[in-house]
Structures are given as structure tokens and as C-alpha cells.
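Some notes on the structure that comes next.
None of the figures in this text is laboratory data; all of them are computed from the coordinates on show. Because the structure is a prediction, the values reported are computed rather than measured. Here the Cβ is made from the backbone with ideal geometry for all residues, glycine too, and neighbour counts use every protein chain on show.
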Amino acid sequence: MVDSDERDPDTGASDPPEPTDAAAPDHGPAEPDIDDLLAKLDALSDTVDEGHEREKVRQTISLVERMPGSAAFAERITKYTSRDLAESFVGAVLFALPLLVEGGVFEIAAWFAAVTVAGVPVLLLAHVGFVFVAVAGLLYFADFRQIAIRHPILGVIPRRYAGVLLVSLTTSTVMLLFWGRLHEGDPTTLERLGRIAVVWAAAAFGAGLGDILPGESEGEDIGPLDLDIGDES
């Protein structure tokens with residue numbers, strides 16, 4: 001074969017370049033499975049513009065997930081429903097209850113309030129950051145369920161993530177108030193916040209597990225409601 005830089009003496013034309021792997025068409029995974037199909041359908045649902053077209057894609061995804069023998073049926077969670085909120089509440093209560101009668105919560109809260117840098121409660125802020133990171137890891141990185149992120153709030157915050165954090169925080173605060181543990185001993189405002197933060201950490205874990213462990217919930221996705229700010233679908 002004549003080198004690509006040389007011309008054929010008979011025709012005067014250069015030989016075509018050798019085919020490369022980069023020019024080969026992308027046919028997807030060599031052995032596609034249902035998860036690959038669902039990923040393609042998820043991507044398709046984000047590209048269609050019409051509401052009825054998007055609903056058709058969602059119905060197709062739901063049909064695939066219910067296919068007999070599909071591991072996605074047991075492991076994949078796509079919808080976020082009012083039942084998920086209820087499951088988060090139950091999990092938060094179960095994990096928060098033991099701490100409501102534990103005096104160590106007061107000691108930890110006092111420690112958070114006492115350690116400050118330039119008046120900033122650095123340990124309390126670090127603890128809150130830990131809760132945010134731990135919940136994200138539990139929902140989206142731990143190998144419990146495959147959680148699909150759809151219609152994030154403001155296009156950034158996953159609804160399930162926000163729901164777990166808000167439900168657990170509200171549950172922790174209300175239970176501390178009802179059980180008379182928030183104001184016991186006349187604590188400072190910072191100590192009260194510390195008590196809430198300590199109980200919140202356990203409640204957030206419980207809310208996350210209560211949400212995802214039962215698997216996909218029945219009922220309508222709450223996505224079309226105002227929780228999806230900026231999403232008109």
C-alpha cells in the first residue's frame with residue numbers, strides 16, 4: 001500500500017487515510033442492559049419540550065421498570081411522592097427518639113457553643129456541614145438504591161435531598177419543643193441550636209433510610225407541583 005503522503009503512480013491520487021477508532025460510530029455499551037435503556041430514556045425526557053411527549057417518556061420508563069426480572073424494579077427510584085415524605089418522617093422520629101432522653105445531647109450542644117473563633121461557632125458549623133455531606137452520601141453514593149435526580153429545585157438541589165433534610169430538621173425541632181428538651185436548663189440561643197443540630201444528625205440518617213430502603217413508592221410524583229421552581233412540566 002502506498003503511504004498516504006505519496007501519490008499512486010497510475011492514478012496520481014493519494015490513498016485515503018487509514019480509518020481510526022475516533023471515526024467509528026458510537027453504538028453504546030457492548031452488552032446493554034435495562035439500566036442503559038433507562039439512562040437513555042432519562043436523557044430523552046430531559047430533551048423533549050412538549051409536556052405530553054415528556055409524559056409518554058415517563059410512562060415508558062415506568063413500564064420498563066416493571067418488567068419481570070428487572071433489577072431496576074427493586075433498586076431504582078425515580079419518583080418522589082408524598083409517601084416518601086411520610087417515610088422520611090417515620091425514619092426521623094425513630095432515630096431521634098433515643099436522643100431526646102439522652103443527656104449527652106446537652107453536653108455536646110454546650111461544647112459546640114463554647115468553641116468559637118472570632119465569635120463564630122466553628123464546630124457547630126462543621127457539624128451542620130457534616131449532616132449535609134452525610135445525607136448526600138447516603139442517598140446518592142451509598143449502594144442502597146439507584147436514585148434518579150429529576151426536576152431539581154432551581155435546577156440544582158435534588159428534591160429528595162431537600163425533602164430529607166427539611167423533614168428531619170422540622171421533626172427534630174418540633175420533638176425537642178414538645179418534649180420540653182429545647183429550653184430545659186435555660187440554655188443560650190447557640191446551645192439551643194446545638195441541641196437541634198445534634199438530634200438533626202440522627203434524624204437525617206433515619207429520614208434518608210426511611211425514604212430509600214422501602215424502594216419506589218406508589219402514587220403520583222410531586223414533581224409538577226411548586227417544588228420544581230422554574231420547571232413548567
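Observations on the model:
- Packing-based exposure ordering (other Cβ within 10 Å, fewest first) of THR81, THR171, THR189, THR116: THR189, THR116, THR81, THR171
- Note on the range 80-233: Kirkwood radius taken over Cα pairs, Stokes-Einstein applied at 37 °C and 0.692 mPa s, translational D equal to 201 µm² s⁻¹.
- Ascending count of other beta-carbon atoms within 10 Å, so fewest first, for PHE141, PHE130: PHE141, PHE130
- Amide H contacts of VAL115 (H built 1.01 Å from N, under 5 Å, at least 5 apart or other chain): none
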